[in-house]
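Engineer: Sharing a structure below in structure tokens format, with a few things to ask.
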Amino acid sequence: MILHKTYKYNISVSKEVIWWNYFDHEHLDVVHSGYKSADIIFENEKVYLGYFTVKAPLVPFLSFSFPIMGVYENENTYIVHSFQYGIPSKFKFTTKEKENGQTEIEMDYKFHLKGLKILYYPILNFFIKKWNHKVWKEDLPLKKRRQMVLDLGFKDFHGLPDEIKDRFRKDKIKFKLPIPRPRKSSRDNYILNKNI
């Protein structure tokens, strides 16, 4: 049995800002209350492999961990494969720029439930919508603020231009993976990536 849910949003930011938000692993456990940790095992310009720990629904003092693989297929499509509670899932995120400066986002969730895991259907059906809206609201200020500062000429790890007259963007926002992280980022603490 496949549980399939789709959600759509429109937002006044560029798709480059949206992709930055999805691949900015640094913010996960800081901005999203459901995340406890997000270890990045591997990443390059197209793929990342992570090991995330999140709080269990209804019982927040418990948590569970799962592997996750994100694939940036093209400038409009991002796919995530994961296995929460041993349930295979596929999330497909697509963007579509509109003429009025908005970007349409479509989030498509599929969970493969088989055997006794079919019993999870009503619980997942309820929590997917709740989780999706919660994460959307938590990320919304980040996306809007990022768009605003990029429009002012902000550059990561450099800040705004010193001269106010230079604080406007002259070119298209560029998006490149992987997203640079600060040195000694907590995202790079995966124990098996260390020399032990």
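The values are calculated or read from the model by the stated rules, or taken from the named source; none is laboratory data. What you see is a predicted model, and the numbers here were worked out from it, not measured in a lab. Virtual Cβ from ideal backbone geometry, glycine too; neighbours counted across all protein chains shown. All accessible areas refer to the heavy atoms of the entire protein, side chains included, with ligands and DNA or RNA removed. Shrake-Rupley method; radii C 1.70, N 1.55, O 1.52, S 1.80 Å.
Engineer: Give me the dipole magnitude in Debye, nearest 20, for the range 106-194 about the Cα centre, with unit charges on the beta carbon: positive for Lys and Arg, negative for Asp and Glu.
Structural biologist: About 220 debye.
Engineer: To the nearest 0.05, how large is the calculated FRET efficiency for Leu119 and Phe66 if R₀ is 22 Å and r is the Cβ-Cβ distance?
Structural biologist: After rounding to 0.05, the efficiency reads 0.70.
Engineer: Taking 1 over the mean of 1/r across every pair of different Cα atoms in the range 1-140, what Kirkwood radius in Å do you get?
Structural biologist: 15.9
Engineer: Charges at C-beta only: +1 for Lys and Arg, -1 for Asp and Glu. How large is the resulting dipole of the chain about its Cα centre, in Debye rounded to 20?
Structural biologist: Dipole about the Cα centre, nearest 20: 460 debye.
Engineer: I would also like to ask the following. Once you compute Rg and the Kirkwood Rh from C-alpha atoms, what is the Rg to Rh ratio for the range 1-76?
Structural biologist: Taking Rh as the inverse mean 1/r over Cα pairs, Rg/Rh reads 1.00.
Engineer: Would you kindly derive the ³J(HN,Hα) couplings of the range 6-22 from the backbone phi angles with the Karplus curve 6.51 cos²θ - 1.76 cosθ + 1.60 (θ = phi - 60°), listing them in order in whole Hz, with x for Gly and Pro?
Structural biologist: 10, 10, 10, 9, 10, 9, 8, 9, 6, 5, 4, 5, 4, 5, 4, 4, 5
Engineer: At 7 Å along the Cα-to-beta-carbon direction for both Lys55 and Arg169, put a label point, then send me their distance in nm to one decimal.
Structural biologist: 3.3
Engineer: Also: Using a Gaussian network model of the chain with C-alpha springs under 10 Å, which one of Asp24, Asp166, Asp108 is most mobile by mean-square fluctuation?
Structural biologist: Highest fluctuation among the options: Asp166.
Engineer: Extending each Cα 7 Å along its Cβ direction at Glu75 and Lys92, get the distance between those two points in nm, one decimal.
Structural biologist: Each label point lies 7 Å from its Cα, and together they span 2.1 nm.
Engineer: Net charge within 13 Å of Trp131 by Cβ-Cβ distance, Lys/Arg positive one each and Asp/Glu negative one each, not counting Trp131 itself?
Structural biologist: Taking every other residue near Trp131 into account, the sum is +4.
Engineer: Under a no-solvent Debye model with one identical scatterer per Cα of the range 60-179, what's log10 I(q)/I(0) at q = 0.12 Å⁻¹?
Structural biologist: At q = 0.12 Å⁻¹ the computed log10 ratios are -0.65.
Engineer: Run the accessible area of the range 69-196 with a 1.4 Å probe and give the carbon-and-sulfur part as a rounded percent.
Structural biologist: Answer for the range 69-196: carbon and sulfur cover 57 percent of the accessible area.
Engineer: What whole-number value in Å² describes the accessible area per residue of the chain for a 1.4 Å probe?
Structural biologist: 61
Engineer: Between the range 151-194 and the range 38-114, what is the C-alpha centre distance in whole Å?
Structural biologist: Each part's Cα centre sits 22 Å from the other's.
Engineer: What does the extension gain come out to for Ser33 and Phe83, with contour length at 0.36 nm per residue minus their alpha carbon separation?
Structural biologist: Taking Ser33 through Phe83 to full extension adds about 16.0 nm, to one decimal.
Engineer: Here's something else I'd like to know. Just the Cα atoms of the range 131-179, one point each, no solvent: what log10 I(q)/I(0) does Debye give at q = 0.14, 0.18, 0.19 Å⁻¹?
Structural biologist: Each listed q corresponds, in turn, to -0.45, -0.67, -0.73.
Engineer: A further question follows. According to a simple spin-label model (label point 7 Å from Cα along Cα-to-Cβ), what is the distance in nm between Asn44 and Leu140?
Structural biologist: 3.8
Engineer: For Leu152 and Glu99, what does the FRET efficiency come to when R0 = 22 Å and r is the distance between their Cβ atoms, rounded to the nearest 0.05?
Structural biologist: Working from the Cβ atoms, E equals 0.40.
Engineer: Do the alpha carbons of any pairs in Lys46/Lys110; Lys5/Lys194; Lys36/Lys174; Lys98/Lys176; Lys155/Lys194 sit beyond 32 Å of each other, and which pairs?
Structural biologist: Pairs exceeding the cut-off: Lys5/Lys194.
Engineer: Under 10 Å, Cα contacts only: if you run a Gaussian network model on the chain, which one of Asn100, Asn21, Asn125 comes out with the highest mean-square fluctuation?
Structural biologist: So, out of Asn100, Asn21, Asn125, the one fluctuating most is Asn100.
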